[in-house]
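Read-outs: derived from the displayed coordinates by stated rules, not from any lab. Everything numeric in this text was worked out from a predicted model, so none of it was measured. Here the Cβ positions follow ideal geometry from the backbone for every residue, glycine too, while neighbour counts run over all protein chains shown.
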């Protein structure tokens, strides 16, 4: 497989070459794509789907409408309900050489290089791709049309203290957001189709300190972005965010054009997830790149004609600093702090506290963050920054 940094450079600096290469890859994969879809099982999910913000149960016939209008849905205990737990356990434990139940402590059992080596190979293993299709059938098998992106992501996001100082190496090998955090973004900023549905499966328990943040109803917010992340200073609306709280086997569903991003893993456990993308209509491909989509319902199609002749004009806009529908974000730290000698002096309910002015993770100004239990939560990757001890 190609180095991720090389592919990213092609996309940004040589889009025509990247476009041709992505189309050629999708066409060459035709035989394997067909075999994977043919061998996938078609489980039926009969469990509960919940709107995470309201807590209300969502009937199956309202799922796609809810997603289209910016809601975030949670399919509870999906793996057990569909009988796919054993299949996942077999593939994951066989590949990593550890019990499936120990994925949350993989960083204690394997080195970073070992985790990277297996993850690179496993994400395109035909067994994993078949399980991906089975998940799509279980969730959206009732849709008249269903398209799968056969390029999923395994995300063993190990504790931050384990990868500190190694993030550039990790990104070069497996891409941002797989083993490290990916700041607030929309998937189209990484050249994905505009009409994508994100399916995010928890392979370990997920908490607000190691999971994701998502902003419901933010599809039409078009903030400025650079290097595939929101430009620091643009509004991320922490008061509106959903912070993931999931059990192993749960699946989160949301439109990929919602603002979302990783939370830097500040726990002692690895947060292991399997993320994938699909559409329920023909993909609206990015102008400069084409991921390996195939139609899996009502029948298989490699979409070869589309891949050869597609003339998409879609390209995400990058223009706003705040969302007109939400209004400007409140930033209380800007009014209740001052900078002195490279430090941030903050007025808190307990009196003045001194913090570093910029986040120690990637240097984002902490005045754009928020105060939480005596610590500042960085706006970009949600690192909780402690005050400076004197």
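Summary of computed values
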read-out	value
For segment 332-385: span of alpha carbons on each principal axis (Å, largest first)	27, 25, 15
Top of 325, 125, 288 by mean-square fluctuation, Gaussian network on the chain, Cα under 10 Å	325
Two-site label geometry, residue 326 and residue 375: point separation in nm, points 7 Å out along Cα→Cβ	2.2
In degrees, nearest ten, helix 15-28 long axis to first principal axis of the chain (Cα)	40
Computed helical MRE - 222 nm, the chain, DSSP H runs ≥ 4 contributing -39500 (n - 2.57), nearest 500	-7500 deg cm²/dmol
Tail weight of P(r) past 20 Å, computed on alpha-carbon pairs of segment 272-390, percent	62
Label-point gap, in nm, between residue 24 and residue 352 - each point 7 angstrom along Cα→Cβ	6.3
Cubic angstrom per residue, convex hull over Cα atoms of segment 18-141	164
Most fluctuating residue given options 90, 30, 318, as computed from a GNM of the chain linking Cα atoms under 10 Å	90
Inter-part distance where segment 140-166 and segment 77-92 are each reduced to a Cα centre, Å	16
Histogram of C-alpha separations across the chain, 10 Å bin width, %	5, 23, 33, 27, 10, 3, 0
Pairwise label distance in nanometres, residue 39 with residue 341, each label 7 Å out on the Cα-Cβ vector	6.5
The chain: most fluctuating residue of 313, 22, 247 per GNM, C-alpha cutoff 10 Å	313
Amide N proximity, segment 159-179 versus residue 227 label position 7 Å along Cα-to-Cβ, cut-off under 16 Å	165-173, 175-178
Helix 85-96 axis, angle to the chain major axis (alpha carbon atoms, nearest 10°)	70
